[in-house]
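Working notes, structure below.
Throughout, read-outs are computed from the coordinates displayed, never taken from laboratory work. Keep in mind the model is a prediction, meaning the values are calculated, not measured. FYI the Cβ positions are ideal-geometry reconstructions off the backbone, even for glycines, and counts take in every protein chain you see.
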């Protein structure tokens, strides 16, 4: 298996225009008409041929066949029709800006102020942190189902958020999802993912905190990593949103999924707080594009690895140019598949068996000693088997599904995948609750049920703080705390 195929190396000769207003650019009308006319022609041809010519995958319905064909054709022609990456963004942003929001959807923009010198994040982010002048803000959107939003906002503020001035800070007992969108690190935004995030909120009963991290090539690595880390810090800062890290699930699709893993690796390496778990939708974990499924799963709508001279290569953009690909593409914070996977929170990975990222998701799970097809409703048909089983990383591979199929609302598999997210999150939260209950032991006769009651009204961390000790592990040396209670490590 090649580790760095020649197709990963491309030219960096491209000019970047700044994104303008969302008014439709009439000067580029001819190019957009070419795109639209092409999609109409493809759709009409497929509809006519459908009764006579089988789809790429025999079980695909007509609407999935149309969806994949249109997306693939757009990706194939964009190099010749569009001059600049900003034109692609403008077209996408314009479409989703004017796309009406569903009445059941709550969308609330937010701005995170980045202080001067940031939060003094160390390591690879230290230089960017030092360059912060205190005038930058990180934007995003709260997205939730209307019923979920209304229910949550009626709850009192959580104790961890009592010092927060954010009107949408954590509520008592609330669980939240931090989300980073996909788009190859060069396109898309929270707005493009609104419908998917709304359905995730509806399925899980949780609000989504979705961040618009900076995009390449204007802001190459590690800008996106810095923004993801700042978003998590603000979400868990008592002066920000005030969520406890144990109440945060990190999630993302495609490049956003890889970014979540990179953020957790970075936080692990520098002993920073981490989310309690992660849910990754078709995560892009290997920017070397060296896995076989990139070449074999041609039925997916993702294009094949870009050619040497392709002007919209996301790898070159994210790695700051072709000359840096060889040194950066395997960096664990860029391609998490190449990194150390120990010490990370539990993860659920969902991917399609027909997508180009299938093999890297399987290899990542295999390397982490994870379980394949852990959820019995979705048995994995892949022949790849792990060396040993673990519940730390779980991979669900959905037969005949494409990249980020969860975003296609008309697929039954999409709804099943969202239900699976909730099952995973609730199960991991129940496991953590059980661990905390076991951590409370009374040498004077408190039962397990009484220990559970203690945990329900006081988090273990707060209980430890009330005894004046630094950590659960330190408490094992207290010898009884006056003869009544001992806090032991779980």
Give me the one-decimal nm value for the distance between modelled label points at residue 41 and residue 320, 7 Å along each residue's Cα-to-Cβ direction. 4.3 nm
On the formula 1/(1 + (r/R0)^6), with r taken between the Cβ atoms of residue 139 and residue 75 and R0 of 30 Å, the FRET efficiency rounded to 0.05 is 0.65
Return the distance in nm (one decimal) between the two label points of a simple spin-label model at residue 295 and residue 116, each offset 7 Å from Cα along Cα→Cβ. 5.5 nm
Assertion target for 135, 392, 403, ordered by fewest C-beta neighbours within 10 angstrom first, is 135, 392, 403
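State the extension gain, in nm to one decimal, for the chain segment bounded by residue 423 and residue 97, taking 0.36 nm per residue of separation less the distance between their alpha-carbons.
That pair, residue 423 and residue 97, stretches by 114.1 nm at full extension.
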Taking 174, 435 and counting other C-beta atoms within 10 Å, the order from fewest to most: 435, 174
What is the gain in length, in nm to one decimal, between residue 57 and residue 155 on full extension, counting 0.36 nm per residue of separation less the C-alpha to C-alpha distance? 30.5 nm
